[in-house]
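Novice: Shown below is the structure under consideration.
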Amino acid sequence: MTPTMMDLPLTLDWIVDRAERETSRCEIVSRRPDRSLVRTTYGAVIARARRLARALIGMGIQRGDRVATLMWNHAEHLEAYFGIPLAGAVLHTLNLRLPPDDIAFIANDAGDRMLIVDDVLLPLFEKIKAAGARFERVFVVGGDGSYEQLLAGAPDVALPKLAETDALGTCYTSGTTGRPKGVVYSHRSTILHTLVVALPDSLELSRAETLLPVVPMFHVNAWGLPYAAAMVGCKLVFPGPCLDPPSLLELMQDEHVTVAAGVPTIWIGIRDVLDAKPGAYKLRPDVRMIVGGSAAPEQLIRDFDRLRLRLIHAWGMTETSPIGTVSRLSPELAAADEATRYKARARQGVAVPLVDIRVRNEAGDVPADDSTSGEVLIRGPWIAGSYAGGHTPERWTADGYFRTGDVARIDAHGYIQLTDRIADLVKSGGEWIATQELENALMGHPSVREAAVIGVPHPKWSERPLAAIVFKDGQTATQDELRSFLAAKFPKYWLPDAFVTVESIPRTSAGKFKKTELRAQFKDWRW
């Protein structure tokens, strides 16, 4: 039998047209570098995005050409999220937290023709240009007004008909293992990702929400949240470059935010301020705070429950668009005891719909015994099937799964617990030690703000774990106290042989611990 359904392409204009038609008056708030707030609407943003698309076509941009952005989170960046793909071009968000040399390499590797840049980021742009980045034209938001001139000069030309197989955007990996590599998202993959992101058991977005994406729009398309927000028509609150906890708390309070998204570092800072100034901020109860980028310790989840805020784990990568799993309690787990519930919430959760995840080691798929470890493999309609340029094909299995490089276990409920990156495992005396589990446990100590564990060379055991500790203000703990705190949770050989106090832990542009720097710092450690 032949299907009788319409065969319509899954392209971004479906989301843009609906937002313009159904939620055009919904508000979008942007904080500027001077801390002022600018208010606009979806209708105004989309009208300007269409002008941007026509202007780019008038400038000679062709289907598949790359147009880069170097911008913070604000309404003009959202215009680029819509306008560049509507022109048939490819949105390329440049990660401004990378070194200028890396940004220049990425821009040239992608073949970016044009750049839209915030005026406050022009000093960084000059460094990128000095590092060899080549753009045909550069348009500045603010400053000289060239971006506004670009929109004002948009010709009256028709926008191209889009195909769902067209490239919509590209992001590059962080380059922690070799040069950054490009991942290219299609219109189809982005629309399917957007639909699932908004589902109740995923990130649960609706028209009734007010969303604060703290996660940068230059990092994996802000986890797809700008597109999901436009699809459902929820109010958007953009923080701009003002990411300190008091600024974020002020926005959450004044704009009545119901959903926020960011990495653990952000939420640790928020917790510390709320604890230091009880009652200073009047937040909506049960604000959902989505955490990704790296694992949130169970203690942080408990702390936010105490503050009547709800932390929700999600996991993904550049290669997964990025949402792969979300940790929400099943009805069975919701009825379990408190310890079981918190343990489940501290896991990375289960695969979202349309995503298939396997945890596999040399013996095959691991059993759901919460004991056997393996590498996380993933496939789905918004999971990368290759890198741009065909780099490192060995990252994909013969049966079509992407090798994430993450090590995990699965429990009887199907919840995934990431235990480490393969590159960060410590091999001591022939036994593997998962550093991420030690870190999360250490961050449950009442005196510890952050902890990172690395392996350093050892004359007898090959490697032994060393823990770098950032204590909370005015607090401390001895090595014996920290070791005793871990002793009830882990085998003796897992316990770090040394604890060092540091002012801060180096981080990647995505907010993850940068253990390569820690290993370099302590490579000459003497036991």
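Novice: Would you kindly identify the strands (runs of 3 or more DSSP E) lying entirely within segment 207-284 that contain at least 1 residues that are in the same structural domain as K181 (by TED's automatic domain parsing) and of a type in the set (D, E, K, R)?
Specialist: Counting at least 1 such residues, we get 235-238.
Novice: Here's something else I'd like to know. Being hydrophobic (A, V, I, L, M, F, W, C) and either within 15 Å of M71 (Cα to Cα) or in contact with a Leu (Cβ under 8 Å, 6 or more places away or on another chain) (or both) is the filter; apply it to segment 134-155 and report the residue that is surrounded by the most Cβ atoms within 10 Å (Cβ to Cβ).
Specialist: V141
Novice: Quick one: which residue in S428, S462 is hydroxyl-bearing (S, T, Y), in contact with a Ser or Thr (Cβ under 9 Å, 6 or more places away or on another chain), in contact (Cβ under 8 Å) with a residue 60 or more places away in the chain and under 19 Å from F522 (Cα atoms)?
Specialist: When all the criteria are applied, what remains is S428.
Novice: Taking the stated definitions as given, is L94 in contact with a Leu (Cβ under 6 Å, 6 or more places away or on another chain), in the same structural domain as V215 (by TED's automatic domain parsing) and closer than 19 Å to V215 by Cβ?
Specialist: So L94 passes the test.
Novice: Further question: Evaluate the following for R179: is it in a loop (DSSP other than H, G, I, E, B), of a type outside the set (S, T, N, Q), touching a residue at least 40 places away in the same chain (Cβ under 8 Å) and surrounded by fewer than 17 Cβ atoms within 10 Å (Cβ to Cβ)?
Specialist: Answer is yes for this residue.
Novice: Quick check on segment 36-83: of everything there that is over 24 Å from the mean Cα position of the chain (by Cα) and basic (K, R), which residue is farthest from R137 (Cα to Cα)?
Specialist: For segment 36-83, the residue satisfying everything is R39.
Novice: Let me ask something else. For segment 52-130, give me every one of the strands (runs of 3 or more DSSP E) that falls completely inside it and has 1 or more residues that are among the acidic types (D, E), at pLDDT 95 or above and buried (at least 20 other Cβ atoms within 10 Å of the Cβ).
Specialist: Passing ranges, in order: 112-118.
Novice: Ok, one more. Please indicate, with yes or no, whether at least one residue in segment 268-276 is in contact with a Leu (Cβ under 9 Å, 6 or more places away or on another chain) and under 30 Å from D411 (Cα atoms).
Specialist: yes
Novice: A follow-up question, please. Please tell me if G143 is in the same structural domain as R188 (by TED's automatic domain parsing), in contact with an Asp or Glu (Cβ under 8 Å, 6 or more places away or on another chain), modelled with pLDDT under 95 and among the small types (G, A, S).
Specialist: Here the answer is yes, as G143 does meet what is asked.
Novice: Of the residues I383, I416, which is surrounded by 20 or more Cβ atoms within 10 Å (Cβ to Cβ) and either touching a helix residue (DSSP H, G or I) at 6+ places or on another chain (Cβ under 9 Å) or farther than 28 Å from A452 by Cβ (or both)?
Specialist: I383
Novice: Give segment 101-123 a look and list any residue that's of a type outside the set (A, V, I, L, M, F, W, C), farther than 20 Å from G240 by Cα and over 21 Å from the mean Cα position of the chain (by Cα), or say none.
Specialist: D101, N108, D109, G111, D112, R113
Novice: Taking G444 and the conditions (1) in contact (Cβ under 8 Å) with a residue 24 or more places away in the chain; (2) surrounded by fewer than 17 Cβ atoms within 10 Å (Cβ to Cβ); (3) in a loop (DSSP other than H, G, I, E, B), which numbered condition does it fall short on, given that it satisfies the others?
Specialist: Failing condition for G444: (2).
The values are calculated or read from the model by the stated rules, or taken from the named source; none is laboratory data. From a predicted model like this one, the values you see are computed outputs, not experimental measurements. All Cβ positions, glycine included, derive from the backbone under ideal geometry; neighbour counts span all protein chains shown.
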